[in-house]
1. Please pick out the residue among V211, V226, V244 that is farther than 21 Å from V77 by Cβ and in contact (Cβ under 8 Å) with a residue 40 or more places away in the chain.
2. List pairs: first in region 81-96 and in a strand (DSSP E or B), second among the charged types (D, E, K, R) and modelled with pLDDT of 95 or more, Cβ under 7 Å, 6+ apart or cross-chain?
3. Could you list, in sequence order, the residues of region 247-265 that are part of a loop (DSSP other than H, G, I, E, B) and either of a type in the set (F, W, Y) or crowded, with 22+ Cβ neighbours inside 10 Å (or both)?
4. Taking region 266-286, which residues are open to solvent by 40 Å² or more (accessible area, probe 1.4 Å) and outside any loop (DSSP other than H, G, I, E, B)?
5. I'm trying to understand the selection: among the residues of region 1-43, which are touching a residue at least 60 places away in the same chain (Cβ under 8 Å) and part of a helix (DSSP H, G or I)?
6. E63 versus (1) at pLDDT 95 or above; (2) open to solvent by 30 Å² or more (accessible area, probe 1.4 Å): which is the lone unmet condition?
7. Pick from D101, D82, D186: which is within 19 Å of the chain's Cα centre (by Cα), open to solvent by less than 20 Å² (accessible area, probe 1.4 Å) and closer than 25 Å to L257 by Cα?
8. Looking only at region 287-296, which residues are open to solvent by 40 Å² or more (accessible area, probe 1.4 Å) and part of a loop (DSSP other than H, G, I, E, B)?
Amino acid sequence: MTTLRIATRKSPLALWQTEHVADRLRAAHPGLVVELVPMSTRGDEVLDRSLAAIGGKGLFLKELEVAMQRGDADCAVHSLKDVPMQLEPGFTLAAILARADHADAFVSNHFDGIAALPAGARVGTSSLRRQAQLRALRPDLQLRDLRGNVNTRLAKLDAGEYDAIVLACAGLQRLGFDARIRARLDAPHWLPAPAQGAIAIECRGDDAAIVALCATLDDAGTRTCVGAERAMNLALHGSCHVPVAAFAQLDGERLALAGLVGCAADGRSVRAAARGHGDAPEALGLAVAELLLAQGARDLLDAAAAG
């Protein structure tokens, strides 16, 4: 193969991530020509409603998967946190790149952190996971929806529509907005989305040549950690409809996983953590999910799904 076509969303962050993958593939396979196939997805186009209301994060993938099925693209690049826990039949994640910063970012032009916000401050985020953790810390805050790409969200903050917004550190850093991060919201007190900060390459499972070519970028440690996080989420039937957070860390052969299920309406949450062997990340994810359910996570999940 001399030419590889990568399907991607058109947002600045998606294009940056895909160019990054393209550069890595060119370096790993001298002589390989990589072409980007930018596409618009329903998740990008419908910005006046939450992702949960219009069908979930899978909307960012569907058009890219159709392009692969039609033969218009050979693979697709995604933020792994946007990838459903179970892929559509016939697709596989050929590579998960080494994870960037997993944490969330508190971004404000006037305040240094969540505790510094005045009573009733307006904070923008459409993530139920972020809303639940914000509500637990500061029930007085006005939490307002915030959709659009990173540049659009920063512009809305700068226009005075919000006193602060919460974004992913990795996205800001990749686009050169490191200076906008006023505070990192980090584990163990604040947990990210499962697989946050990781980039994945999706391919058709039956295209062995493409899978092998992309697999050269796979990072085993990251795959282990996000495997535990995603397995926990899957066991809880988590999606963007429910506030689920998870973060795993690998230390030698030992894997630690912390998980949270929250309520965006009132800030209630349950937390659990466990350790296991790095060879069995899915088993650890299932174990933490069971600990969360034993503490009452099902009631929070049902309330979120109903609401």
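1. V244
2. Close Cβ pairs satisfying both conditions: F91/E202; F91/R204; L93/E202; A95/D218; I96/D218; I96/D219; I96/R223.
3. Across region 247-265, the qualifying residues are C263, A264.
4. Matches in region 266-286: S269, R271, A273, R275, H277, E282, A283, L286.
5. Listed by number, the residues that qualify are P12, L13, A14, W16, Q17, H20, V21, R24, L25, A28.
6. Unmet for E63, out of (1) at pLDDT 95 or above; (2) open to solvent by 30 Å² or more (accessible area, probe 1.4 Å): (1).
7. When all the criteria are applied, what remains is D82.
8. Of everything in region 287-296, just one residue is open to solvent by 40 Å² or more (accessible area, probe 1.4 Å) and part of a loop (DSSP other than H, G, I, E, B), namely Q295.
The values are calculated or read from the model by the stated rules, or taken from the named source; none is laboratory data. Quick caveat: nothing in here was measured; it's all calculated off a predicted structure. In this analysis, Cβ positions are derived from the backbone assuming ideal geometry, glycine residues included, and neighbour counts consider all displayed protein chains. Just so you know, the surface numbers come from the protein's heavy atoms only, side chains and all, with ligands and any DNA or RNA stripped out. Shrake-Rupley method; radii C 1.70, N 1.55, O 1.52, S 1.80 Å.
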